[in-house]
């Protein structure tokens, strides 16, 4: 179906109004319980979407890809699976910050994540990391009230917001805020809802829609994501808060791997993502949600494809390495040696940071004494198939020469 905003550019006003009236009154059109008012316009428009075969096919594709992604992940051995999920999480945190212009490196987030349980050290992003960890462990519930949104904001973005941009109302902002075109032109393309009581009213409506509407779940999540951005309840941090809320709802419907890849996809396709908001807010679009729904679902689907490809390649590399271990006569009848190499291989192919582990790490993973691990590592090092780096602690990893060695 051709999106309405495109028809606006190609027809005169009278023809366009006919198109719009026919479309919003299609027998299949789903009218939504939300209205928007394009900036500097006196008219308000009801949000709606038209179910299409293309939209249904895209949703089916997302469910199939989610099932495939989850099934591949479940075939991974424990260390590889743990590292893959951790890598996806670190990517998500880095991308949700980068999309909003928050300066952070992936390495900085990883360091904070590894020190998350150290109460003696104050880590940047610790609250955000804790929130996403709760998402992964299925601890987070769907929204029940506007207060829940403020709690999410406090945990996800508050520590990164300048004081003058923090909420000054009871829960949200009490003054006007604007959204500017990302091109740097300083053109205002949207004005958030005011005053605060209207923000709360709209959010209550949104929460009821997300929890109780019979609109298909994925479409409902996408519409909710758009409308939260339209309300714009905070001066800053709306995008990060909204993507986290969307991830909570995605986690109820799909795997946590899909749920924690949303920001990565939105950042990778940021121009499409941001343009979809701008188009949907415009008077040329008249409240039609199909453009936004199509683009958002495409982002989810494309990122799933990327993750499937990524984990397939890593799994194939690990499978080849495992076969090599099985054919290495030096490891025959040496269960501990084989086990250590297998763990180091998982770490090598799936680790997001250093390609190695300490004696303590290996002892915990293998459930063996540190001394027996040290003895085995000494022999493996003398065989020339692992290497040692650093001091206190020493890091042990696969020697890259081993991958080239013929067995």
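The values are calculated or read from the model by the stated rules, or taken from the named source; none is laboratory data. This structure is a prediction, so every number in the text was calculated from the model and none was measured. Every residue, glycine among them, receives a Cβ derived from its backbone with ideal geometry; neighbour counts consider all protein chains shown.
Miscellaneous remarks
- Single residue of 365, 395 found to be more than 30 Å from residue 70 (Cβ to Cβ) and either at pLDDT below 95 or exposed (fewer than 12 other Cβ atoms within 10 Å of the Cβ) (or both): 395
- Hey, residue 214 surrounded by fewer than 22 Cβ atoms within 10 Å (Cβ to Cβ), assigned by TED's automatic domain parsing to the domain that holds residue 163, free of Cβ contacts under 8 Å to residues at least 12 places away in the same chain and at negative phi or not: yes
- Taking the criterion of being over 17 Å from residue 218 (Cβ atoms) and surrounded by 13 or more Cβ atoms within 10 Å (Cβ to Cβ), the residues of the range 18-32 that qualify are 19, 20, 23, 24, 29.
- Flag for residue 7 being over 17 Å from residue 280 (Cα atoms) and assigned to a helix (DSSP H, G or I): no
- Taken over the range 197-206, the criterion of being over 17 Å from residue 44 (Cα atoms) and crowded, with 19+ Cβ neighbours inside 10 Å is satisfied by 200, 203, 206.
- Some residue of the range 276-289 being over 26 Å from residue 89 (Cα atoms) and not assigned by TED's automatic domain parsing to the domain that holds residue 65: no
- Qualifying position, being in the same structural domain as residue 44 (by TED's automatic domain parsing) and assigned to a loop (DSSP other than H, G, I, E, B), among 151, 174: 174
- Residue within the range 246-267 that is assigned by TED's automatic domain parsing to the domain that holds residue 46, in a helix (DSSP H, G or I) and within 24 Å of residue 2 (Cβ to Cβ) present: no
- In the range 109-120, the condition of being surrounded by 17 or more Cβ atoms within 10 Å (Cβ to Cβ) and under 27 Å from residue 219 (Cβ atoms) is met by no residue.
- Test: residue 311 is surrounded by 14 or more Cβ atoms within 10 Å (Cβ to Cβ) and modelled with pLDDT of 95 or more: yes
- If the condition is being surrounded by 21 or more Cβ atoms within 10 Å (Cβ to Cβ) and free of Cβ contacts under 8 Å to residues at least 24 places away in the same chain, then the range 45-96 contributes only 94.
- Among the candidates 332, 367, 381, 347, residue that is in contact (Cβ under 8 Å) with a residue 60 or more places away in the chain and not assigned by TED's automatic domain parsing to the domain that holds residue 91: 347
- Residue match in the range 162-179 (condition: more than 30 Å from residue 40 (Cα to Cα) and either surrounded by 17 or more Cβ atoms within 10 Å (Cβ to Cβ) or without any contact (Cβ under 8 Å) to a residue 40 or more places away in the chain (or both)): no
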